[in-house]
Amino acid sequence: MRARILIAIGLLFFNTAVHAYQVEAENLPSDKYFETTLKEITAAKSSVFLVMYLISLSPTQPNSEPNQLVNALIKAKERGINVNVILDQNINFEAESSESAVTSNKNQQAYELLRQNNVPVFFDTSEVYTHAKAMVIDNETVIMGSTNWSKAALSRNNEVSALIRSKEFAQSLQTQL
């Protein structure tokens with residue numbers, strides 16, 4: 001009986017899905033994130049899938065780095081690239097009126113700009129707190145790390161991000177996000 005239990009436990013360990021992927025990875029230091037991300041969006045051939053905690057746009061600074069990245073997504077969509085964006089809504093519906101909740105949403109400006117330009121953009125559900133900062137381009141290239149699309153993250157903060165090239169890893173990440 002004890003041997004059967006040990007065998008059953010052993011089979012559980014061997015049947016547990018653990019995936020390791022062969023990838024080509026590159027460190028994206030803070031001072032290279034914007035330039036690399038803009039280049040990768042501009043070079044997209046078929047798709048861009050973005051999940052972002054924070055996109056902080058400034059209407060008074062149309063050439064700011066966050067604005068340039070969002071505009072690159074819009075231009076990609078205009079070129080026929082399949083672009084999809086998921087943003088964190090992080091609204092406390094119980095503590096605020098629904099109108100003030102919407103206007104105080106940190107991603108509302110980005111959401112509205114993307115929608116106005118026919119980019120499919122969605123908020124996560126109120127039960128989910130999306131803290132991811134990840135982008136999958138052409139089902140093969142992944143940019144992920146700690147970098148939000150905000151002025152501070154793109155110009156002052158010490159962020160940690162990576163560019164990863166792997167179809168298997170990109171596909172796995174897309175199903176998780």
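The values are calculated or read from the model by the stated rules, or taken from the named source; none is laboratory data. All figures in this text were calculated on a predicted structure; none of them were measured in a lab. Cβ sites come from the backbone with ideal geometry, for glycine too, and all protein chains shown count toward neighbours. Areas reflect the complete protein model, heavy atoms only, side chains present, ligands, DNA and RNA absent. Shrake-Rupley method; radii C 1.70, N 1.55, O 1.52, S 1.80 Å.
At-a-glance table
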read-out: The stretch 153-165, residues that are of a type in the set (Gly, Ala, Ser), at pLDDT 95 or above and either over 14 Å from the mean Cα position of the chain (by Cα) or over 18 Å from Glu26 (Cβ atoms) (or both); value: Ala153
read-out: Of all residues in the stretch 116-130 being assigned to a loop (DSSP other than H, G, I, E, B) and under 26 Å from Ile81 (Cα atoms), the one that is most open to solvent (accessible area, probe 1.4 Å); value: Asn118
read-out: Residue match in the stretch 38-54 (condition: buried (at least 16 other Cβ atoms within 10 Å of the Cβ), among the charged types (D, E, K, R) and in contact with a strand residue (DSSP E or B) (Cβ under 7 Å, 6 or more places away or on another chain)); value: yes
read-out: Hey, Gln109 polar (S, T, N, Q), under 15 Å from Met52 (Cβ atoms) and open to solvent by 70 Å² or more (accessible area, probe 1.4 Å) or not; value: yes
read-out: All positions within the stretch 146-177 that are open to solvent by less than 30 Å² (accessible area, probe 1.4 Å) and in a strand (DSSP E or B); value: Trp149, Ser161, Ala162, Leu163, Ile164
read-out: Residues of the stretch 39-61 satisfying the condition of being within 30 Å of Thr125 (Cβ to Cβ), among the aliphatic types (A, V, I, L, M) and either without any contact (Cβ under 8 Å) to a residue 24 or more places away in the chain or not in a loop (DSSP other than H, G, I, E, B) (or both); value: Ile41, Val48, Leu50, Val51, Met52, Ile55
